[in-house]
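Participant: Have a look at the structure that comes next, please.
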Amino acid sequence: MTDIATLERDVLAAIDSAADEAAVEDLRIGALGKSGSISALLKTLGGMTPDERKEKGPQINGLRDRVQSAIAARKEALGEAALEARLASERVDVSLPVQDGPEARGRIHPISQVIDEITAIFGDMGFAIAEGPDVETDDLNFTKLNFPVGHPAREMHDTFFFAPDENGERKLLRTHTSPVQVRTMLVQEPPIRVICPGRTYRNDSDQTHTPMFHQVEGLVIDKSANLGHLKWILEEFCKSFFEIDDVKMRFRPSFFPFTEPSMEVDIQCSRKGGEIRFGEGDDWLEILGCGMVHPNVLRNCGLDPEVYQGFAWGMGIDRIAMLKYGMPDLRPFFEADVRWLAHYGFRPLDLPTLTGGLSS
Ligand code: DAH
């Protein structure tokens, strides 16, 4: 009897002073586990006479029940205390200003932004995106586009040529995105409706020219595509892109080997106070070249000009980015200066859409 009372006192005292839940668990194993002290007492019941068991049974079982509930109570108390301590140490001051994470501090380069804007506008009109490599063949950059060998128009492009390879072929850095037209027509049956944004290269550098720059090409080929469609598409594009309600455009006759007729397109602007504004004024600013795809180009791409016709245009992305966002010099676009990017860049989570706004 003394044994049971002493054991109970010792075990309950130990439980009471256990410092954490792990210590309580150790005590539980020591008392009620397989070889625990109380389990050993319970085992002695089997060897007792019925009279002894009548007396000791309730004592030992009572001891087990009291120790069990003391362990449960201590575990609960310790658990609550641990939670209280955690809540106190992890307290959040909800009145603090929100801290920007890196994803909110980064900036989208204006060229990427403008390409996304252009893609959103033409995507909405049903155009797909086509791409081609920066390193191009002479054939796709010039010959298939109806530049005759030795024609002066080839020289006008200030081309970067590579050294001839083992077959004597001289690759080049594409001087325009027009070879992507050819690549598209060579593999895709009309109707074709694509835009081709990408990098282009010419040996030229000043305030508005960099050796690497960006163009976006447009191409529509089917059985009836005509200049009326081209004019509508370009007008809708300019209104959406420059975010103005109305725009006047001027189509001037021009020359490109790959289009006939060829035109250059100016848009109405005002230059009052040294600032260019679109949709007003009586000045003009050239923004792109375009025309009906030359029958020779269609033929070079395996399309019958008696069946198919279409139009194409090419536009400088950097130039329209400068115009839209009022950047005076093209060169800093490619100098990777984070201060410039912090000023002219766009928030990464503001994706341009026609419904949500292109640039806001
Ligand atoms: N490739 C021309 C250039 O870089 C731009 C151009 C003009 C593209 C007329 C076209 C076009 O598709 O039809 O100067």
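Here, each number is a calculation from the coordinates, and none is a lab measurement. Just so we're clear, the structure is a prediction, and the values are computed from it rather than from any experiment. Ideal geometry is used to build each Cβ from the backbone, glycine not excepted, and the neighbour counts take in all protein chains shown.
Participant: In a shell of Cβ-Cβ distance under 13 Å around residue 19, excluding residue 19 itself, what net charge do Lys and Arg (+1) and Asp and Glu (-1) give?
Facilitator: -3
Participant: Using only Cα atoms, tell me the angle between helix 110-124 and the longest principal axis of the chain; keep it within 0 to 90° and round to the nearest 10.
Facilitator: Compared with the principal axis, the helix lies near 80 degrees.
Participant: Applying the Karplus parametrisation 6.51 cos²θ - 1.76 cosθ + 1.60 with θ = phi - 60° to the phi angles of the range 164-181, what ³J(HN,Hα) value in whole Hz is obtained for each residue in order, glycine and proline being reported as x?
Facilitator: Working through the residues one at a time gives x, 7, 4, 8, x, 7, 9, 6, 8, 7, 4, 8, 7, 8, 4, x, 5, 4 Hz.
Participant: What list of ³J(HN,Hα) values in whole Hz, one per residue of the range 137-142 in order, does the Karplus curve 6.51 cos²θ - 1.76 cosθ + 1.60 (θ = phi - 60°) give from phi, with Gly and Pro shown as x?
Facilitator: 8, 4, 4, 7, 6, 10
Participant: Right, another one. Is there a quick way to get the dipole size of the range 60-139? I mean about its Cα centre, with the Cβ of Lys and Arg at +1 and of Asp and Glu at -1; what is the value in debye to the nearest 20?
Facilitator: About 1500 debye.
Participant: Against the longest alpha carbon principal axis of the chain, how many degrees, from 0 to 90 and to the nearest 10, is the axis of helix 21-32 turned?
Facilitator: 40 degrees
Participant: Which of the listed residues, 46, 101, 79, is farthest toward the dipole's positive end in the range 45-108, when Lys, Arg count +1 and Asp, Glu count -1 at the beta-carbon?
Facilitator: It is 46, whose Cα lies furthest towards the positive end.
Participant: For the range 1-141, what D do you get in µm² per second when you plug the Kirkwood radius from alpha-carbon pairs into Stokes-Einstein at 37 °C and 0.692 mPa s?
Facilitator: Estimated via Stokes-Einstein, D reaches 146 µm²/s.
Participant: Let me ask something else about it. Stokes-Einstein diffusion coefficient for the range 267-322 at 25 °C in a medium of 0.890 mPa s, Rh from the Kirkwood formula over Cα pairs: what value in µm²/s?
Facilitator: Taking Rh from Cα pairs, D becomes 176 µm²/s.
Participant: Within the range 1-62, report the trypsin sites (Lys or Arg not before Pro) that DSSP leaves as loop and that have at most 12 other Cβ atoms within 10 Å.
Facilitator: For trypsin sites (Lys or Arg not before Pro) across the range 1-62 that sit outside H, G, I, E and B with at most 12 neighbouring Cβ atoms in 10 Å, the list reads 34.
Participant: Still on this structure, I have one more. Please compute the net charge surrounding residue 299, taking Lys and Arg as +1 and Asp and Glu as -1 over other residues with Cβ under 12 Å from its Cβ.
Facilitator: For residues surrounding residue 299, the net value is -1.
Participant: In the chain, what is the count of Lys pairs whose alpha carbons are under 14 Å apart, counting only pairs at least 8 residues apart or on separate chains?
Facilitator: Close lysine pairs under the 14 Å cut-off: 6.
Participant: Now for a separate question. What percent does the relative contact order of the chain come to when contacts are Cα pairs within less than 8 Å and at least six residues apart?
Facilitator: 16 percent
Participant: Which loop-located trypsin sites (Lys or Arg not before Pro) does the range 217-275 contain, where loop means any DSSP state but H, G, I, E or B and the Cβ has at most 15 other Cβ atoms within 10 Å?
Facilitator: Loop-located and lightly packed - 223, 271.
Participant: Counting Lys and Arg as +1 and Asp and Glu as -1, each charge on the Cβ, what is the dipole of the range 277-360 about the Cα centre in debye, to the nearest 20?
Facilitator: The dipole of the range 277-360 has a size of about 260 debye.
Participant: For the chain, build the charge dipole from Cβ charges (+1 Lys, Arg; -1 Asp, Glu) around the Cα centre, then report which of 37, 159, 284 sits farthest towards its positive end.
Facilitator: Checking the options against the dipole of the chain, the answer is 37.
Participant: Is the shape of the chain rounded, prolate or oblate, going by the alpha carbon gyration tensor and its root eigenvalues a ≥ b ≥ c, with a/c under 1.5 for rounded and a/b larger than b/c for prolate?
Facilitator: Prolate.
Participant: Over the range 18-146, calculate the relative contact order: mean separation of alpha carbon pairs under 8 Å at least 6 apart, over the residue count, as a percent.
Facilitator: Normalised by residue count, the contact order of the range 18-146 is 19 percent.
Participant: Kirkwood hydrodynamic radius of the range 165-240 from all distinct Cα pairs, in Å?
Facilitator: 14.8 Å
Participant: Just tell me the longest site-free run in the chain, where the sites are chymotrypsin sites (Phe, Trp or Tyr not before Pro) in a DSSP loop having at most 16 other beta-carbon atoms within 10 Å.
Facilitator: In the chain, the maximal stretch lacking such sites is 163-360.
Participant: Right, something else. Quote the charge dipole size of the chain about the Cα centre in Debye, to the nearest 20; the model charges only the Cβ of Lys and Arg (+1) and of Asp and Glu (-1).
Facilitator: The calculation lands at about 560 debye.
Participant: Before rounding to the nearest 500, sum -39500 (n - 2.57) across all DSSP H runs of length at least 4 in the chain and divide by the residue total; then give [θ] at 222 nm in deg cm²/dmol.
Facilitator: -13000 deg cm²/dmol
Participant: So, counting K/R as plus one and D/E as minus one, what does the shell of residues with Cβ under 11 Å around residue 184 add up to?
Facilitator: Within the 11 Å Cβ shell, the charges total -1.
Participant: Hey, another quick one. Amide H to amide H, which residues 5 or more places from residue 254 or on other chains are under 5 Å from it, using H placed in the peptide plane?
Facilitator: For residue 254, whose amide H was placed from the backbone, the distant partners under 5 Å are 262, 263, 264.
Participant: How large is ³J(HN,Hα) for each residue in the range 198-214, as worked out from phi by the Karplus curve 6.51 cos²θ - 1.76 cosθ + 1.60 (θ = phi - 60°), to whole Hz, x for Gly and Pro?
Facilitator: Per residue, the Karplus-derived 3J(HN,Hα) values read x, 7, 9, 9, 8, 7, 7, 7, 7, 4, 10, 9, 10, x, 10, 9, 10 Hz.
Participant: Under 8 Å for C-alpha pairs, at least 6 residues apart: give me the relative contact order for the range 164-317, rounded to a whole percent.
Facilitator: Normalised by residue count, the contact order of the range 164-317 is 24 percent.
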